[in-house]
Amino acid sequence: MKTSISMRMALFAVGVHAIVLPALYYGFNIVVTRSDTDLFVQHVRTLSRNLAEELELGDALGSPQRVANLLDQAVINGDGVFAALVDNGQEIQSELNSPGVHWLGRQDFTFRFDTDQIYFIALPISRPDHTAELRLGFDERPTNEQIQSAMRRTLWVLVIYLFISLTAAMVWSHSLSRPVVQLQRSSRKIARGDYAQSLRVKTDILELHDLGSDLEYMRNQLVGVNERLQMEMSEKVRAQEHRHELESRLRHRQRLETVGTLAGGIAHEFNNVLLPIVLFAEAALAESPEHTRVHQDLQEILAQAYRAKEVVEKILTFSRSAGAPKPDLIDLEPVVGEALRLFRALIPATVELRVQLSGPYPPVRADAAMTIQMVMNLCTNAYQALRDRTGVIRVGLRELLEPATGDGAAPKAFLELFVVDSGRGIEPGTVPRIFEPFFTTRDVGEGTGLGLSVVHGIAESFGATVSVETEVGRGTTFRVRFPVVPAAAGQGSSNEHMSGASI
Amino acid sequence: MKSVLVIEDEPAIRKALQRALVSAGHPVQVANNGTEGLEALKTQTADIVIVDIIMPRVNGVDTIRAIVREFPNVRIIAISGGGNFSPAEYQPHAIKTEAYLAAATVAGAHAVLTKPFRTQDVIHAISTVTNLPSGNGSLI
């Protein structure tokens, strides 16, 4: 059974006293009784011997009157209840004898010899002319009462002592257990999530003080760990929310883009249809005489064709605004991750795609959908540069600091997207032209030559720069450097001091 | 009158341009694509080439580059109505008609026209490129 410290100490004190106090009481009882009875017996014997000597040596035996006086004195001086002298068969009794007390023909050798509570003593008196016997009886009750009242006083003292010592034990145990109880309360509050509770306790007991200090140290450690855990968790939740938001934004953009692409495609087809209508109608119009029915009809056809052209322009305006990029401060890591997820599905297993993303990275000004397209184009380019469609493509992000230019400008921070392939590389003479639209080194019909010019256009719209490093036979590295926007400041874009063929 | 070669993959546009230019008095040849167009220039030279940008296989910009390289005296008019080469390709909306025509100009086209245009527009463009000072009008 579990009991508290103060309860244990109280029980211990009670247990100790239950053994010690009766022993003390009975010890006292023995001592008091023995000393009082010894005193009584000694007193009684001394008195009796004195009287006997008086009778033996004096001449009182001759006069019955004097004998009676002596006997009276014996009764008065020593709690006597009975005094008699038997001289030559004649008994003289004191007149002060208690009524009803008779010589019982015995002699007591110890206190409380019999139940009549009278101590009898007989002494022989020998004189040449007399053979007498002094018979005395003393009352034991006053001595008994003395003993009993002494024991009562002892009992009272012991009771008071018991009370005081129990109270002291309780106070002491309480003061011992107080810091422990305080520790307990604090630790319970901590368990309920109130980490502000201090576990340091005010106490003079060294061990408890040290225990409190150690627990307090542990609490501080725990609070640190807990805060770190909570921070990590909320960061994870934030990252997840961010990812969901990005996904939903991308889905929305993709829907708009699909609509835009469809509308744009139809509109351009319509341009191809409208051109012959306009040209044929104009040719026919030129050959039909004015003010004829045919001439008027042809004019009507032309007017409607122009109206159709306007409608097409409106559709194109819509499709462009639907797909128009809206650069915003975004985290590139999930965007690049999403692009690589799409890209991985398109390439054969013979190509090893190494992804190097270990954020968090600072946010940069970009548009998620456009960035995905940029990464896709760079990766597709890298893939097409691989010989026999095998090799390694390494894609990732890293932060870098452009050293200060010496004219007092602060160093510029960049977030770099790199795409490295182990492909053919680019001929040095060709490098300056690779970002031109319709420039391609591939065979006719294999590509449009627009991919890298699109990358360049997108990067430019973000204020980013594209550079290339290449070695024939070894491979090519494309770097897109996004200027890191300083907190609460606009973005600076500069193409200076960039290595490679920066455009 | 200046002779004109129309390189265009869309038959209706080919026919319409031929009709309009013949009516204006120009001798006109037609070609289905860039390769055919270059072959036609080798057999029978033309003063002016009207070339579409978006064509299968050899696109208009590559065709213009080849013409500038092989026939430097020929004047070139690029026409485009925008659009994508193929839906399978990942193309941005950033590529507009103007971008195609700008690429054509960089490659060496002397004039550009956005589809749809009127007969008078193409006649005007022909007279403009004809009146350009001799030599190469290309920007590169």
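The values are calculated or read from the model by the stated rules, or taken from the named source; none is laboratory data. Keep in mind the model is a prediction, meaning the values are calculated, not measured. Virtual Cβ from ideal backbone geometry, glycine too; neighbours counted across all protein chains shown.
Every condition in (1) surrounded by fewer than 19 Cβ atoms within 10 Å (Cβ to Cβ); (2) in contact (Cβ under 8 Å) with a residue 40 or more places away in the chain; (3) β-branched (V, I, T) holds for B:T35 except the one numbered (2).
A:M218 passes all but one of (1) within 12 Å of chain B (Cβ to nearest Cβ); (2) surrounded by 11 or more Cβ atoms within 10 Å (Cβ to Cβ); which number fails? Going through (1) within 12 Å of chain B (Cβ to nearest Cβ); (2) surrounded by 11 or more Cβ atoms within 10 Å (Cβ to Cβ) one by one, A:M218 breaks only (1).
Residues are listed down the side, and each one gets a yes or a no for (1) surrounded by fewer than 16 Cβ atoms within 10 Å (Cβ to Cβ); (2) among the hydroxyl-bearing types (S, T, Y); (3) under 16 Å from A:A464 (Cβ atoms); (4) in contact (Cβ under 8 Å) with a residue 40 or more places away in the chain:
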residue: A:L357; (1), (2), (3), (4): yes, no, no, yes
residue: A:Q373; (1), (2), (3), (4): no, no, yes, yes
residue: A:A382; (1), (2), (3), (4): no, no, no, yes
residue: A:A385; (1), (2), (3), (4): no, no, no, yes
residue: A:R389; (1), (2), (3), (4): yes, no, no, yes
residue: A:E402; (1), (2), (3), (4): no, no, yes, yes
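A residue that is under 11 Å from the mean Cα position of the chain (by Cα) and at pLDDT below 95 occurs nowhere in the stretch B:81-99. Of all residue pairs spaced 6 or more apart or on separate chains, those with beta-carbon atoms under 7 Å, a first member in the stretch A:150-161 that is over 13 Å from A:P22 (Cα atoms) and a second member that is of a type outside the set (D, E, K, R) are A:A150/A:V32. A:R200 meets all of the listed conditions (1) without any contact (Cβ under 8 Å) to a residue 24 or more places away in the chain; (2) loosely packed, with under 14 Cβ neighbours inside 10 Å but one, namely (2). A:D108 meets each of the listed conditions (1) of a type in the set (D, E); (2) out of contact with any Lys or Arg (no Cβ under 9 Å at 6 or more places or on another chain); (3) surrounded by fewer than 17 Cβ atoms within 10 Å (Cβ to Cβ) apart from (3). Working only within the stretch B:100-123, note down all residues that are out of contact with any strand residue (DSSP E or B) (no Cβ under 9 Å at 6 or more places or on another chain), at pLDDT 90 or above and in a helix (DSSP H, G or I). Listed by number, the residues that qualify are B:T119, B:Q120, B:I123. All of A:A132, A:A169 fail the test of being over 19 Å from A:I30 (Cβ atoms) and over 60 Å from the mean Cα position of the chain (by Cα), apart from A:A132.
Filtered by the rule that a residue be of a type in the set (A, V, I, L, M) and farther than 17 Å from A:N29 by Cβ, the stretch A:135-161 gives A:L136, A:I160. Here A:I5 passes the criteria (1) surrounded by 13 or more Cβ atoms within 10 Å (Cβ to Cβ); (2) touching a strand residue (DSSP E or B) at 6+ places or on another chain (Cβ under 6 Å); (3) not hydroxyl-bearing (S, T, Y) except the one numbered (2).
Okay, residues lined up against (1) touching a helix residue (DSSP H, G or I) at 6+ places or on another chain (Cβ under 6 Å); (2) modelled with pLDDT of 85 or more; (3) not in a helix (DSSP H, G or I):
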{"position": "A:F82", "(1), (2), (3)": "no, yes, yes"}
{"position": "A:V86", "(1), (2), (3)": "no, yes, yes"}
{"position": "A:D114", "(1), (2), (3)": "no, no, yes"}
{"position": "A:P124", "(1), (2), (3)": "no, yes, yes"}
{"position": "A:E133", "(1), (2), (3)": "no, yes, yes"}
{"position": "A:E145", "(1), (2), (3)": "no, yes, no"}
{"position": "A:Q148", "(1), (2), (3)": "no, yes, no"}
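On inspection, A:D194 qualifies as exposed (fewer than 12 other Cβ atoms within 10 Å of the Cβ), among the acidic types (D, E) and farther than 30 Å from A:L24 by Cβ. The condition (being within 25 Å of the chain's Cα centre (by Cα), of a type in the set (K, R) and under 30 Å from A:A13 (Cα atoms)) is satisfied by just one residue among A:R178, A:R192, A:R238, A:R188: A:R178. Only one of the listed residues (A:L246, A:L256, A:L250, A:L285) is of a type in the set (A, V, I, L, M), in contact with a strand residue (DSSP E or B) (Cβ under 9 Å, 6 or more places away or on another chain) and farther than 19 Å from B:I79 by Cβ. That residue is A:L246.
Of the residues making up the stretch A:269-301, those that are free of Cβ contacts under 8 Å to residues at least 24 places away in the same chain and assigned to a helix (DSSP H, G or I) number 21.
Looking across the stretch A:229-265, the residues that are surrounded by 15 or more Cβ atoms within 10 Å (Cβ to Cβ) and either hydrophobic (A, V, I, L, M, F, W, C) or at the interface with chain B (Cβ under 8 Å from one of its Cβ atoms) (or both) come down to A:A239, A:L246, A:L250, A:L256, A:E257, A:G260, A:T261, A:A263, A:G264, A:G265. What residue, among those in the stretch B:1-32 that are among the basic types (K, R) and surrounded by fewer than 19 Cβ atoms within 10 Å (Cβ to Cβ), is farthest from the other protein chains (Cβ to nearest Cβ)? Among those that are among the basic types (K, R) and surrounded by fewer than 19 Cβ atoms within 10 Å (Cβ to Cβ), it is B:K2. Look at the stretch A:449-476: where a residue is closer than 19 Å to A:I330 by Cα and more than 8 Å from chain B (Cβ to nearest Cβ) and a partner is basic (K, R) and surrounded by fewer than 23 Cβ atoms within 10 Å (Cβ to Cβ), sitting 6+ places away or on another chain with Cβ atoms under 6 Å, you get A:F462/A:R365. Scanning the stretch A:131-147 for residues that are surrounded by 14 or more Cβ atoms within 10 Å (Cβ to Cβ) and not aromatic (F, W, Y) yields A:A132, A:E133, A:L134, A:R135, A:L136, A:G137, A:D139, A:E140, A:T143, A:N144, A:Q146, A:I147. A residue that is farther than 24 Å from A:E402 by Cβ, surrounded by 16 or more Cβ atoms within 10 Å (Cβ to Cβ), more than 14 Å from every other protein chain (Cβ to nearest Cβ) and at pLDDT 75 or above occurs nowhere in the stretch A:483-494.
Taking the stretch A:448-482 as the range and being on the phi > 0 side of the Ramachandran plot and either surrounded by fewer than 21 Cβ atoms within 10 Å (Cβ to Cβ) or at pLDDT below 65 (or both) as the test, the residues that pass are A:G449, A:G463, A:G473.
Annotation for the stretch A:277-288: at least one member residue is surrounded by fewer than 14 Cβ atoms within 10 Å (Cβ to Cβ) and within 14 Å of chain B (Cβ to nearest Cβ).
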